[in-house]
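Remarks on the structure that follows.
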Amino acid sequence: MNILEKLKMQKKEPDEDKAPKVEGPVYWLETSDSITRRYEFEPDGYLSVKVVNDSRPVYHRVVESFLNKFFPSGYPYSVNEGYLRYTQFRALQHLSSAALSVLSTQSLLFAAGLRPTPAQATAVGWILKDGMQHMGKLICSNLGARMDSEPKRWRILADVLYDLGTGLEVLSPLCPHLFLEVAGLGNFAKGMAVVAARATRLPIYSSFAREGNLSDLFAKGEAISTLFNVVGIGIGIRLASTLCSSMQGKLVVGPLLSIIHVYSVVEEMRAAPVNTLNPQRTAMIVADFLKTGKVSSPSDLRYREDLLFPGRLIKDAGNVKVGRALNKVVKPSKLNEWKEMFPVEKFVLSHGNKWCDMLLEHNATGEDALRGWLVAAFAASMEKSLNEPSASVLQDAYDKMNTMFTPFLSELQAKGWHTDRFLDGTGSRFAF
């Protein structure tokens, strides 16, 4: 054996003596608020978390479990302001609604049993009654654009209609000979209510989403609804067998449940910080900006919105009205003059005796509506004595708007407002 072979053997021997290296799992323990958690990286790279020791009282563990099941992940930092109050009244709303539904179903069955007709005729009548509900759904489906513009108002109207329909069903035993008519009309109202409630659900949930967690919000919101619907059904069954076993009891308890139901919905809607631009919210933003120089956030405006009559004019915002037909507002000559003055703008202003009409082009966005609103408000503040501002006043108002619009828009978007669209309901728009 030569010297080279001996050296090669000496190099191989240390390598052969090394034991195979086995890599264990990477994990660590963290203790916080009497909870010890084990964090471990899985082979696929995901981080798993397991509670090793929890020495908190049972009450705290139950509360956390409830929050995990019925509130979005990361609550309260993953939602916008007002979500807890919204959820509290949503629970009360579903509880009272479910209890009222039990009473109405009991009354319907009682009224149907009183009819001096064969069972087959009763079944046919029940099918026709349900057909009225589908008709109500079809009619209400045509109002979707208005629901986008005013989701809060239509959500309240939906529950008023639902309670009206339920009330008719509760009263049906008083006129068993008119069972089909009364129950059909009640289901017609409830059908419209169901469509309006479902159509407005997404805009309301969207106003609370902060981290792209709309699906989580929706799922947890429906879980809350289901839970309190079940509780409400239990309460309704108890009431139906005790206080409301007679018609007199239903006439006392039914209105009370309906009042609680509608009040809960109103408080829900007041708590929701809807962040899309519609005529009312745009006018309030402009009015606040002109008075204070600050941009209001959705949370600032939520308790000031008029939920029943949103079309009221706001003087400090120029008394602007949106959505009237072009041929009823502007003469062709005036329209040509306006487009010559401001050729790149997608809005037209027409001043009248009581208000200023603003018309938008078909592809106008929320930014275009804001520009038009600011011009109208500035012009109104510059020349309050005249019904119609002169061309020079309009030009000054337009220049003033252009000067401050960029920082105004940036602050508006920073406050959480969506300016990419303007929801004017079924308002008329024009195109050249």
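The values are calculated or read from the model by the stated rules, or taken from the named source; none is laboratory data. What you see is a predicted model, and the numbers here were worked out from it, not measured in a lab. Heads up, the Cβs are rebuilt from the backbone with ideal geometry, glycines too, and the neighbour counts pull from every protein chain shown. Ligands, DNA and RNA are excluded from the accessible area calculation, which covers all protein heavy atoms including side chains. Shrake-Rupley method; radii C 1.70, N 1.55, O 1.52, S 1.80 Å.
So what is the diffusion coefficient of the chain in µm² per second by Stokes-Einstein at 4 °C and 1.567 mPa s, using a Kirkwood Rh over Cα pairs? The diffusion coefficient I find is 49 µm²/s.
For the stretch 263-345, which chymotrypsin sites (Phe, Trp or Tyr not before Pro) are in a loop by DSSP, counting at most 10 other Cβ atoms within 10 Å? Here the chymotrypsin sites (Phe, Trp or Tyr not before Pro) that fit, given the DSSP loop and packing criteria, are Tyr303. Helical content of the chain, expressed as a calculated mean residue ellipticity at 222 nm, amounts to -20500 deg cm²/dmol (DSSP H runs of 4 or more residues, -39,500 (n - 2.57) each, divided by residue number, nearest 500).
Between Arg421 and Arg312, the simple spin-label model (points 7 angstrom out along Cα→Cβ) gives 2.8 nm. Averaging the Cα positions of each part gives two centres, and for the stretch 346-404 and the stretch 255-327 these lie 21 Å apart. Computed from the C-beta positions of Arg304 and Tyr263 and an R0 of 25 Å, the FRET efficiency is 0.85 to the nearest 0.05.
For the pair Lys339 and Val231, a Förster radius of 45 Å applied to the C-beta separation gives a FRET efficiency near 0.15, rounded to the nearest 0.05. Here the Karplus relation 6.51 cos²θ - 1.76 cosθ + 1.60, evaluated at θ = phi - 60°, turns the backbone of the stretch 178-195 into coupling constants of 10, 4, 5, 5, 5, 5, x, 5, x, 6, 4, 5, 5, x, 5, 5, 4, 5 Hz, with x for every Gly and Pro. Near the amide H of Val320, within less than 5 Å, lie the amide hydrogens of Ile314, Cys356, all on another chain or at least 5 residues away, with H placed in the peptide plane. For the residues Phe110, Phe71, Phe309, a GNM of the chain with alpha-carbon springs under 10 Å puts the largest fluctuation on Phe309.
Averaging the sequence gap over all C-alpha pairs within less than 8 Å and six or more residues apart, then dividing by the number of residues, gives the stretch 83-271 a relative contact order of 43 percent. Peptide packing for 414-420, 26-32 was compared via the average number of neighbouring C-beta atoms within 10 Å per residue; ordered from the highest value, the list is 414-420, 26-32. The string of couplings for the stretch 216-230 from the Karplus curve (6.51, -1.76, 1.60, θ = phi - 60°) is 5, 4, 5, 5, 5, x, 5, 5, 4, 4, 4, 4, 7, 5, 5 Hz, one whole number per residue in order, with x for Gly and Pro. Counting only protein heavy atoms and a probe of 1.4 Å, the accessible surface of the chain is 59% carbon and sulfur.
Over the Cα atoms of the stretch 387-432, each weighted equally, I'd like the Debye log10 I(q)/I(0) at q = 0.18, 0.19, 0.26, 0.32 Å⁻¹, rounded to two decimals. With one equal scatterer per Cα and no solvent, log10 I(q)/I(0) is -0.88, -0.92, -0.90, -0.99.
Computed packing ranks the peptides 213-219, 329-335 as 213-219, 329-335, most packed first, by mean other Cβ atoms within 10 Å. Compute the accessible area per residue over the chain, keeping the other protein chains in place, probe 1.4 Å, unit Å². With the other protein chains kept in place, the chain gives 54 Å² per residue.
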